[in-house]
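Have a look at the structure below, then the notes.
The values are calculated or read from the model by the stated rules, or taken from the named source; none is laboratory data. Note that the structure is a prediction, hence the values are computed from the model and not measured. We place every Cβ from the backbone using ideal geometry, glycine too, and count neighbours over all the protein chains shown.
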Amino acid sequence: MNQPEAAGGGRERLIQAALRLASRTRSLTHLGIRELAREADLNPNTFYRHFGTIEDLGLAAISVVAAELKPLLHLLQETAAHQKPEHMFRQVAEGYFAFASAHPEAILLGLAELHGSSSVLRQALEQLLDDLADQMISDAISLQLAPGIDAATLREISGQIVVWFFQAAGRVVEYPDQRAALTSAGENLARRLYLAAISEANPLTGLLGALKLRPKKTVPT
């Protein structure tokens, strides 16, 4: 039986229902309004009180995820900046993958729509990744984590890290047993990129950074 909207907030219920369904089908734009309303346990007419199209709902879902992810990453980087250098990148990697594990539907939907048929959703997701990279740059500068690195290089590094972690989050969701290995891989990737850039920008002091931030060696199993 369809529940009245007041029973749980129609907008939020539709977004959560869309995330659940789309994570199974790997497509948001192929969902039907009746299917979505049934999953949310709402009358189909409720959809049009909040959204004009399925893409509008998708944009709202992306905004909801971004509103939670952006401050979390800022907090992780701010907290990590006060840790020993060798622990900094790992803490951020662990925190991001913890978010991915707690929001599997959002991660799988994001990965699917990043390469999906909707240009509107693709652009929104690309913008989210750009925003996360810009936030990483801002945090790195304000927290003095990137001494001497020019803006263009910092933008390139941040973009590579954000895209790698976004792709890796899908593997964490689908293959939880790989989470530890992917955390180490992400940690080492970020360390290598930052270390190379710092060493290039500061040839002498960069040698000291190499001793503190050198990638961990992994022992073959």
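Could you identify the single residue in 61, 93, 66, 37 that is of a type in the set (A, V, I, L, M), crowded, with 16+ Cβ neighbours inside 10 Å, modelled with pLDDT under 95 and farther than 22 Å from residue 168 by Cβ? Step through it out loud before you land on a result.
Values: 61 fails: farther than 22 Å from residue 168 by Cβ; 93 fails: farther than 22 Å from residue 168 by Cβ; 66 fails: farther than 22 Å from residue 168 by Cβ.
Testing whether each residue is of a type in the set (A, V, I, L, M), crowded, with 16+ Cβ neighbours inside 10 Å, modelled with pLDDT under 95 and farther than 22 Å from residue 168 by Cβ leaves just 37.
If residue 130 passes every condition in (1) buried (at least 18 other Cβ atoms within 10 Å of the Cβ); (2) without any contact (Cβ under 8 Å) to a residue 40 or more places away in the chain but one, which one does it miss?
Here residue 130 meets the rest and fails (1).
Testing residue 46 on (1) surrounded by 14 or more Cβ atoms within 10 Å (Cβ to Cβ); (2) among the hydroxyl-bearing types (Ser, Thr, Tyr); (3) closer than 30 Å to residue 188 by Cα, one condition comes back false. Which one is that?
(3)
Of the residues 23, 27, which single one is buried (at least 18 other Cβ atoms within 10 Å of the Cβ), under 30 Å from residue 165 (Cβ atoms) and modelled with pLDDT under 90?
Exactly one residue qualifies, and that residue is 23.
Considering every residue within region 142-150, establish whether at least one is within 13 Å of residue 97 (Cβ to Cβ) and over 12 Å from the mean Cα position of the chain (by Cα). Explain how you work it out, then say what you get.
From region 142-150, those within 13 Å of residue 97 (Cβ to Cβ) are none; that's our starting set.
No: region 142-150 contains no residue that is within 13 Å of residue 97 (Cβ to Cβ) and over 12 Å from the mean Cα position of the chain (by Cα).
Checking the conditions here, which among 67, 61, 37 is outside the structural domain of residue 135 (by TED's automatic domain parsing) and either in a helix (DSSP H, G or I) or not β-branched (Val, Ile, Thr) (or both)? First the steps, then the outcome.
Numbers: 67 fails: outside the structural domain of residue 135 (by TED's automatic domain parsing); 61 fails: outside the structural domain of residue 135 (by TED's automatic domain parsing).
When all the criteria are applied, what remains is 37.
Could you list, in sequence order, the residues of region 152-170 that are closer than 15 Å to residue 131 by Cα, surrounded by fewer than 21 Cβ atoms within 10 Å (Cβ to Cβ) and of a type in the set (Gly, Ala, Ser)?
Within region 152-170, 159 is the sole residue that qualifies.
With the structure loaded, tell me whether residue 111 is crowded, with 18+ Cβ neighbours inside 10 Å, hydrophobic (A, V, I, L, M, F, W, C) and either in contact (Cβ under 8 Å) with a residue 24 or more places away in the chain or under 24 Å from residue 78 (Cα atoms) (or both) or whether it fails that test.
When the stated conditions are applied, residue 111 passes them.
What number of residues in region 171-196 are surrounded by 18 or more Cβ atoms within 10 Å (Cβ to Cβ) and either closer than 22 Å to residue 149 by Cβ or polar (S, T, N, Q) (or both)?
10
Just one of 154, 193 is assigned by TED's automatic domain parsing to the domain that holds residue 103, out of contact with any Leu (no Cβ under 6 Å at 6 or more places or on another chain) and in contact (Cβ under 8 Å) with a residue 40 or more places away in the chain; which is it?
After applying the criteria, what remains is 154.
Checking the conditions here, which among 106, 146, 98, 169 is in the same structural domain as residue 66 (by TED's automatic domain parsing), among the hydrophobic types (A, V, I, L, M, F, W, C) and not in a helix (DSSP H, G or I)?
Residue meeting the stated conditions: 146.
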